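Take a look at the structure below.
Quick note: the coordinates plus some simple rules give every number you see, no bench work behind them. As the structure is a prediction and not an experimental result, all values here were calculated from the model. Note: ideal-geometry Cβ built from the backbone for every residue, glycine included; neighbour counts use all protein chains shown.
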Amino acid sequence: MRRYFLKSLPVLLAVLLLFYALKGVAFEEISIQFKRSNYAYIGLCTFCITAFYLFRGLRWQQPLLGLGYSPTVFRASVALTTGVIASLIFPGAGELTRCATLQRTDGVPISQGLGSVVAERIIDFLMLAVLILLTMMFEYQRLLDFLQQLTWLNLSSLNGKRISGFLLALIIGGLGLLWIVRQPVIKNHLLYKRVIGIGQGVWQGFVVIGRLPSPSLFIAATLGVQVMAWASTYFLLLSVHTDIPATPSMALTILTVGSIGGLAVPTQAGIGTYHFLIGRLLTLYGFTTSAGVAVATFMHAVGFGANLVLSSISFLIVPFLVSKSKETPESITEA
């Protein structure tokens, strides 16, 4: 019963957040966005989403080459997009699905595929930190207002002394925690051993980065992933039917808040979470609450649709790649 509840929790959260976000929003407002949107920009957005997965495929290929396998960028990208539908069923399942797909098409063991995914995820977290810093540089006040709106805290009262005090307390607390976990009673505990085991697995995945055949290509692909994610958001904003001008910094803030929200409240494909957070974020740019939610709903639907189409196409391609690898195994490095 408990296991079933945990599996259904993301669905319940998605439904509740979606219901709360759409409460009081007229369906006509959402319908107008679809009828009057600029489909040329939607086309550019779809192109950027496709390029986003190709850059991710190129980036994922690099640690796999370091492990001694030779998947092409195309096959790595196909494996990536097969995980999109799996993530809709259960958050996180996409990672296992793409590794299982690459095992079928290129013979990469799932365990080693997951190790390379760990390396990717570490880089993604670092890039999210960079996105947060950039957003604070260009939209500091709006980000502060948004956090204050969500938490009902007077964040404007923060100053250098309070921040320094908080960091000092955090460092002292961290050192105290480190001393506690080094005690023999804690070190011999089963939970401690499991946590250390997970940490070692993460480190092994990270070490793969040191064996990359082309570190510069990995870095370029990582930057390409972030640029395409931002560009797809920006073009989607430009396609919206509104009198409020879309700006590059607005797209950056939406990308950052959406990424953080997806980690904090992991619902299927960001359903509910994205509508709630981005709908309220847009009010800080001059949208009314209902208009902000309508725009957020439109943006999520277009992005969701594009990802779903790409994932469906990938599922159709996989059987051909599998049959080809079985017929001529040596062709794996040539396809």
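Worth pointing out:
- Neighbourhood charge, 11 Å Cβ-Cβ cut-off, centred on G292 and excluding it, Lys, Arg +1 and Asp, Glu -1: 0
- Extension gain for D145-S216 works out to 21.8 nm (0.36 nm per residue, less the C-alpha to C-alpha distance).
- As a rough guide to protection, the peptides 40-47, 316-323, 279-286 ranked by mean Cβ packing within 10 Å, highest first, stand as 279-286, 40-47, 316-323.
- Approximating the spin labels as points 7 Å out from Cα along Cα→Cβ, the R121-to-F27 distance works out to 4.0 nm.
- Summing Lys and Arg as +1 and Asp and Glu as -1 over all other residues whose Cβ lies under 13 Å from the Cβ of G115 gives a net charge of 0.
- Cα convex hull of region 39-143 - mean projected area over all directions, nm²: 8.4 nm²
- Computed E for I132/V227 - FRET, C-beta separation, R0 25 angstrom, nearest 0.05: 0.90
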